[in-house]
Amino acid sequence: MRKIGFGIIGAGIWGETHAKIYASHHLSELIAVCDTVEEKARSLALKYGAKNYYTDFEKMLENSEIQAVAITTPDFAHREPFIAALKAGKHVIVEKPLATTNEDLQAMKEAYDNSDCRVMVDFHARFSPPFAIAKESIQKGELGKVISMYYRLNDIIYVPTQMLSWTSKSSVLWFLGSHTIDTLRFLIDSEVQRVYSVSRSEVLIKKNIPVADIYQSILEFENGTIATIENNWIVPNTNPHWNDIKLNILGSKGMINMDLTNNQAFERYLESKSDHPDILVMPTIHGKPMGFAHESIRDFIERLADGREFLATFEDGYRVSKVILALMDSAEERLPKEVKYD
Ligand SMILES: NC(=O)c1ccc[n+]([C@@H]2O[C@H](COP(=O)([O-])OP(=O)(O)OC[C@H]3O[C@@H](n4cnc5c(N)ncnc54)[C@H](O)[C@@H]3O)[C@@H](O)[C@H]2O)c1
């Protein structure tokens, strides 16, 4: 079978995650990397054997060896490369969140509706074994009617203060809340109808990063399920893992509890530190990138090759962004909000 030629737009941290997979999968080939910072494009291309690098994505999209592109620019910068890629006839995997403003969402929807190309939004939590097993259990009816869910997904403070250079142009709701909301929709196959969110800004604002530290939110789903979610990115760096994740699903006949951070499946105690090494998200095993963060990208390649529907579609990305816009309005106005999907 002919390999699918890939281009990457955004040669940062997550661009490298994508590069690893396209360069190593038997159905794909990494053709080119683009970044506005030439050195980043050049060194990622060199590291993963891409023949070309660019600083202008329009130029890269003219390359006929590329059939699909990954958009791994910062949260607020997905719109332009996304629309340009579809116009150039390339299939797209775009990082979450799909977009962070209503204007971007509408422009991207118009481009998508007018294109024959295929789009996946990289909600990789759908590939996480615990979440996939929970979904199966819910689908089989083992929990009865899902009455409520509690999901906390937080990051250590290293992420907004040191890892990301564009924290103040995003929010923890875009960066982590997008996964949270998509996972809950995925688990119960229902859409969020109404939200209420409260935020606090104590820590990051004092570090001259003008974004909220935390959002605590209540979601009401169309099927009657309620969910409480927490997203913060001020967890102390001494947390044993970069995430802090807890999920409880309460049904009329059963319950599921997950502690994916301090799960005690693997504890490591060394002279200078103790930790819980990553065994689920993106470990490297015998030299191969494993874990669900890599699996979602592999799945994009494989479904693109054989024509099966993607597990996370444009519509999923669009709906999740609409929920977050309602949550942010709610937190600002201190009022419950209906989610508007038009
Ligand atoms: N699926 C996940 O769980 C996951 C994990 C981490 C990051 N992400 C997402 O991936 C995206 C990238 O995050 P990151 O941490 O790699 O950011 P990053 O800042 O490390 O990388 C972004 C890169 O995009 C480049 N860029 C910006 N505008 C560009 C343009 N117009 N053309 C070409 N290059 C451009 C920047 O120079 C930078 O090198 C974000 O949307 C983020 O939320 C997803």
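The values are calculated or read from the model by the stated rules, or taken from the named source; none is laboratory data. All of these numbers come straight from a predicted model, not from anything done at the bench. Cβ sites come from the backbone with ideal geometry, for glycine too, and all protein chains shown count toward neighbours. In case anyone asks, the SASA skips ligands and DNA or RNA and just uses the protein heavy atoms, side chains included. Shrake-Rupley method; radii C 1.70, N 1.55, O 1.52, S 1.80 Å.
Quick notes on this one:
- Calculated mean residue ellipticity at 222 nm for the chain: -9500 deg cm²/dmol, from DSSP H runs with n ≥ 4 weighted as -39500 (n - 2.57), summed, divided by the residue count and rounded to 500.
- Expressed per residue, the C-alpha convex hull volume of the chain stands at 147 Å³.
- For the chain, share of DSSP beta bridges that run antiparallel, in % to the nearest 5: 60 percent
- Between the Cα long axis of helix 38-47 and the first principal axis of the chain there is an angle of about 90°, rounded to the nearest 10.
- Debye log10 I(q)/I(0) at q = 0.12, 0.17, 0.23 Å⁻¹ for the stretch 118-239, Cα point scatterers: -0.50, -0.91, -1.31
- Relative contact order, whole percent, for the stretch 4-117 stands at 25, derived from Cα pairs under 8 Å and 6 or more residues apart.
- The mean sequence distance of close C-alpha pairs (under 8 Å, at least 6 residues apart), as a share of the length of the stretch 72-183, puts its relative contact order at 30 percent.
- Folded to 0 to 90 degrees: helix 178-188 orientation relative to the chain principal axis, Cα: 70 degrees
- Space enclosed by the convex hull of the alpha-carbon atoms of the stretch 279-342, per residue, Å³: 115 Å³
- A convex hull fitted to the Cα coordinates of the stretch 46-186 yields 170 cubic angstrom per residue.
- Accessible solvent surface per residue of the chain, calculated while the other protein chains remain in place, 1.4 angstrom probe, Å²: 45 Å²
- Accessible surface of the chain, 1.4 Å probe: 50 percent of it comes from carbon and sulfur atoms.
- Mean separation of Cα pairs under 8 Å and 6 or more residues apart, divided by the residue count, gives the chain a relative contact order of 18 percent.
- Kirkwood-Stokes translational diffusion coefficient of the stretch 1-115, alpha-carbon pairs, 37 °C, 0.692 mPa s, µm²/s: 237 µm²/s
- Across the chain, the longest piece that holds none of the GluC sites (Glu not before Pro) lying in DSSP loops with up to 16 other C-beta atoms within 10 Å covers 66-141.
- For the stretch 232-271, the calculated P(r) over all alpha carbon pairs, in 5 Å bins from 0 to the bin holding the longest distance, is 6, 18, 22, 18, 16, 11, 6, 2, 1, 0 percent.
- The Cα-based radius of gyration and maximum Cα-Cα distance (Dmax) for the stretch 176-292 are 17.2, 51 Å.
- Cα centroid separation, the stretch 36-63 to the stretch 196-239 (Å): 36 Å
- Gap separating the Cα centres of the stretch 312-331 and the stretch 121-138, nearest whole Å: 19 Å
- Grouping the Cα pair distances of the stretch 223-334 into 5 Å bins from zero gives a pair-distance distribution of 2, 8, 11, 13, 18, 18, 15, 9, 4, 1, 0 percent in increasing distance order.
- 22 Å Cα-Cα reach of LYS246 towards lysines, excluding residues that sit fewer than 8 places from it in its own chain: LYS96, LYS135, LYS145
- Within the chain, longest stretch clear of exposed chymotrypsin sites (Phe, Trp or Tyr not before Pro) (DSSP loop, no more than 16 other Cβ within 10 Å): 1-165
- Exposed-loop-free span, longest in the chain, where trypsin sites (Lys or Arg not before Pro) count as exposed if DSSP calls them loop and at most 10 other C-beta atoms lie within 10 Å: 3-139
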